[in-house]
Amino acid sequence: MRDLLLTLLVLGSVPFTFLQPYIGLLVWSWLGYMNPHRLAYGFAYSFPFVFLISVVTILSTFFSKEKFKIPINGVTIVWFAFMVWMSISSVLAFNDAMYEFTRMIKIQMMIFITLLLFQDKNKIKLLVWVIVGSLGFYGVKGGVFTILTGGSYRVWGPPGSFIEGNNELALALIMVLPLMFFLFKEAKNKYLKLFLLFCMLSMSAAILGSYSRGALLAFVMMSFFLWLKSNKKVVSMAIAVFILASAATLLPQKWFDRMNTIENYEEDGSALGRINAWYFAFNLAKDNPFFGGGYGAFSSRLFLDYAPDPDDFHDAHSIYFEVLGEQGFVGLFLFVLLWVLSWRLGTRVLKYAKGKEEWMWAYWLASMCQVSLIGYATGGAFLGLAYFDLPYHIMAILVVVHVVVMKEKEKEEGEKKRR
């Protein structure tokens, strides 16, 4: 039944996508973040729904009569340069990089289409709703599970996805939580507000219930910036105290024992393995400073040559060292520059929209996108999610919000000159 329902929903969206390509991007985001096909048990589990919608969306965009224009600014220029750099590193890769390279290109191409199709306030909000709803499903589900079981078990994501692991799911929820706060700020209906507040509390429980130490640090940092951005700091602080107090009474001792290993990393084999992988990435990049080792560089074969402990093979476990090892020092520079410029782009939106009632939606969305990126920058230091689509989608949202706001600014300045 699930397989049939999912198939009908996806195939039913195809005609609408040909008429309005942005609908295809919304469906693609739903499929990519929620992975509803992984909740099925029959043919739909492995059916290429995402590929199907991607092709339809690209064709619809290409043949559309509407004229689309890619925003040209520092973010999009560096973004394109980073994609070119990753393409070159894949050609020069030490191992077979084609699978990961193809996966990256598919994701980046679809997110790049966001820049074309979502230069509109209402469409942007729709996209945020789809992203929040898709990932929030696992956050609420995992949070309720954590509360009912007293935090005795870890919370996991959908199998076969970027967020299958407990650490990865926790970081995705940390990034989407500020976006849910934006929807909470935008909601007019009090029952919708209460529902979103319940969802945010449940997602907080799921993040803690993931047993992820990196996510705990990212959650604290994200919460601090969320508090800084909030215009009701007393209420925000009260909610934070409530969450911490609830966690202290709900979570079992083994959760606290695991979190305590943050301080005693010398005795933690997992932490030492990550440090070994980080040294490997640095040594590999030192020998290949421009393009690194390419996708798939973190392999047991290359560990023999570059890792301090060749037998302790680990994945990157850090977005920064993942990019350093696979794309070299230049690739890492482009990667970091991308997020710095995205932050500055958000700041421009804040400066223009602050205090203007009609643009408060842009002010809060840009603010929450910045908070999301803080969560990614912090939690990503301990997770290998450098190519995960969500942070790039958040970056794309910042770009299109900036486009919408700047168009209005130019319009206002033009009217002033005519006067």
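The values are calculated or read from the model by the stated rules, or taken from the named source; none is laboratory data. Note that the structure is predicted; figures quoted are calculated from it, not measured. A quick note on method: Cβ atoms are made from the backbone with ideal geometry, for glycine too, and the neighbour counts reach across all protein chains shown.
Given the criteria of a type in the set (D, E, K, R), surrounded by fewer than 21 Cβ atoms within 10 Å (Cβ to Cβ) and under 30 Å from Ile72 (Cα atoms), does Arg301 qualify? Spelling it out, it is not the case that Arg301 is of a type in the set (D, E, K, R), surrounded by fewer than 21 Cβ atoms within 10 Å (Cβ to Cβ) and under 30 Å from Ile72 (Cα atoms). The helices (runs of 4 or more DSSP H) located wholly in the stretch 115-228 that include 3 or more residues which are out of contact with any Ser or Thr (no Cβ under 6 Å at 6 or more places or on another chain) and hydroxyl-bearing (Ser, Thr, Tyr) occupy 121-148, 190-209.
Quick grid of which residues meet (1) out of contact with any Gly (no Cβ under 9 Å at 6 or more places or on another chain); (2) surrounded by 20 or more Cβ atoms within 10 Å (Cβ to Cβ):
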position	(1), (2)
Ala316	no, yes
Gly325	no, yes
Ser367	no, yes
Gly375	yes, yes
Ala396	yes, yes
Met406	yes, no
Glu412	yes, no
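Restricting Phe82, Phe43 to those that are among the aromatic types (Phe, Trp, Tyr) and at pLDDT below 90 reduces the list to Phe43.
The rows are residues; the columns are (1) in a helix (DSSP H, G or I); (2) modelled with pLDDT of 90 or more; (3) closer than 28 Å to Ser210 by Cα.
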site	(1), (2), (3)
Asp257	yes, no, yes
Phe280	yes, yes, yes
Leu284	yes, yes, no
Phe291	no, yes, no
Gly294	no, yes, no
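Among the residues of the stretch 112-159, which ones are buried (at least 23 other Cβ atoms within 10 Å of the Cβ) and of a type in the set (S, T, N, Q)? Correct list: Thr114, Thr146. Among residues of the stretch 359-376 that are over 16 Å from Ile124 (Cα atoms), those with a beta-carbon under 7 Å from a residue that is assigned to a helix (DSSP H, G or I) and of a type in the set (Lys, Arg) at least six positions away or on a different chain give the pairs Val371/Lys229.
Restricting the stretch 49-72 to residues that are of a type in the set (Lys, Arg) and farther than 16 Å from Thr114 by Cβ, which is farthest from the chain's Cα centre (by Cα)?
Going residue by residue through the stretch 49-72, those that are of a type in the set (Lys, Arg) are 65, 67, 69.
Subsequent filtering for residues that are farther than 16 Å from Thr114 by Cβ retains 65, 67.
Details: Lys65: 32, Lys67: 29 Å.
If we take residues in the stretch 49-72 being of a type in the set (Lys, Arg) and farther than 16 Å from Thr114 by Cβ, then Lys65 is farthest from the chain's Cα centre (by Cα).
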